[in-house]
1. For segment 143-158, which positions are in contact (Cβ under 8 Å) with a residue 40 or more places away in the chain, buried (at least 18 other Cβ atoms within 10 Å of the Cβ) and either more than 25 Å from the chain's Cα centre (by Cα) or not in a loop (DSSP other than H, G, I, E, B) (or both)?
2. I'm checking my understanding of the structure. Among residues of segment 63-84 that are farther than 11 Å from residue 209 by Cβ and of a type in the set (A, V, I, L, M, F, W, C), which one is least open to solvent (accessible area, probe 1.4 Å)?
3. Confirm whether residue 87 is open to solvent by less than 30 Å² (accessible area, probe 1.4 Å), farther than 25 Å from residue 248 by Cα and touching a residue at least 40 places away in the same chain (Cβ under 8 Å).
4. I need a count of the residues in segment 259-282 that are open to solvent by 70 Å² or more (accessible area, probe 1.4 Å), touching a helix residue (DSSP H, G or I) at 6+ places or on another chain (Cβ under 7 Å) and over 12 Å from residue 22 (Cβ atoms).
5. Let me spell it out: the conditions are (1) modelled with pLDDT of 90 or more; (2) over 21 Å from residue 32 (Cα atoms), and residue 322 meets all of them except one. Which number is the exception?
6. Taking segment 109-139, which residues are among the hydroxyl-bearing types (Ser, Thr, Tyr) and loosely packed, with under 13 Cβ neighbours inside 10 Å?
7. Which of the numbered conditions does residue 52 fail, given that it passes all the others? Conditions: (1) out of contact with any Ser or Thr (no Cβ under 9 Å at 6 or more places or on another chain); (2) of a type outside the set (Gly, Ala, Ser); (3) over 17 Å from residue 240 (Cβ atoms); (4) crowded, with 19+ Cβ neighbours inside 10 Å.
8. If the Cβ limit is 8 Å and pairs must be 6+ apart or interchain, which residue in segment 289-314 that is assigned to a loop (DSSP other than H, G, I, E, B) pairs with which residue that is at pLDDT 80 or above and open to solvent by less than 40 Å² (accessible area, probe 1.4 Å)?
Amino acid sequence: MLGLAFKFIKYDRAKSIGIVTAIVISIFLIGQQLSLLFFLMGLMGNLVGNAPVTDNQLWIIEAQSTNINAVNAIDQRLVQQIGSLPGIESTHPVVLTAGQASFLDGKTAGVTLVGTNSPQFIMGPVQEKIEEGHISDLVQPFSVSAEMYNAKTWKTDIFLNKPIEINGKSAKIAVITKNAQAFGASLMYTSMEDAYVLGNASPSKVSIIIANLNDTVSKAQVQQDIQQLFPQLRAWDAQKLKNSTVKEILISSNMGMSFGTLVVFAMISGFFIIGLTLYSSALDRIKDYGTLKAIGATKGYVNKLIIAQAFLYAIIGYAIAMLLLYGFKFGVANSGLAIDITLGFSLFLLFITLLISVGGSLFAVRKIAKLEPASVF
């Protein structure tokens, strides 16, 4: 059957090229839009994603915020008060403060300083996101990290020990990160003390409190205790806080709707283009299908023949689309767009390809199913 289906495809090259092209365009657009969306979602939660998060941690912020990138300051005394609660092993304050970085070549850039106690640096960045240097280098006075891909945005060179100014105060780049940027912010990691000084922040305020719990206590119970004792605060599991951040940004920016609309329209347009082209192709070869029925081919056999053609179109189109997606991935890698095409994502795109192609073939299947052999002779 596949051999006969392949012959039908071969003999109708113009329509075959049109169907394959429609599949390639649809799947490439779907893959491109979704991969870009997943990349942006990763940026949205990168304050959590860059940190060495463990299961026995709670991230505590003021109660109104559900977005880790936009938290209000809380009283620094709460660090000690929460640390004295039963079941809490240690607490670590985090300071997020804005600054303006100035370079010797006259370039400037807005940055977000992420300050934590050294040498733990509980907010990271994790070692796999460090391109040059080591996190322990941030212990040096007035040392900060910088993202390697920001060099193009800032139009300046980034290298270790490069002198810079932040809010008019001298500092240097001690660590260079890779893929540690955040959504709408350029993160610079540093020590708690340097964040206060360089960011002109009040030492009596912190942004986040990270609490490490004892292994013997219930995480949910400690969460409940914190929120009962300190109603102005909310304790989060780190992953849930990351998910909440992504959800809020997607909704507030309408980004999810925009990407979703593009994907849905790519699927719909591909479905109808492929379906109508297969329908037209079936009409062109209606005598061949009538002959098959006349010599004894069952309706099921003819239907399977049409679906087999659609399956072959899907495989060919999918293979070309994936090659283009990988080309896109490597083409944008140097600009900092870390596109990740996982096995699960590839299988999802294959499913969408088969859905569009085989589903579209139902137009032709319904037409040929009603065909009477005598009507074509």
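1. Result: 143, 144, 145, 146, 147, 150, 154, 156.
2. Looking at residues that are farther than 11 Å from residue 209 by Cβ and of a type in the set (A, V, I, L, M, F, W, C), I get 68.
3. Here the answer is yes, as residue 87 does meet what is asked.
4. 2
5. Residue 322 satisfies all of (1) modelled with pLDDT of 90 or more; (2) over 21 Å from residue 32 (Cα atoms) except (2).
6. 136
7. (4)
8. Qualifying pairs under 8 Å: none.
The values are calculated or read from the model by the stated rules, or taken from the named source; none is laboratory data. The shown structure was predicted, so the numbers you read here are calculated from the model rather than taken from an experiment. Backbone-built Cβ (ideal geometry, glycine too); neighbour counts: all protein chains shown. With ligands, DNA and RNA removed, areas are computed over all heavy atoms of the protein, side chains included. Shrake-Rupley method; radii C 1.70, N 1.55, O 1.52, S 1.80 Å.
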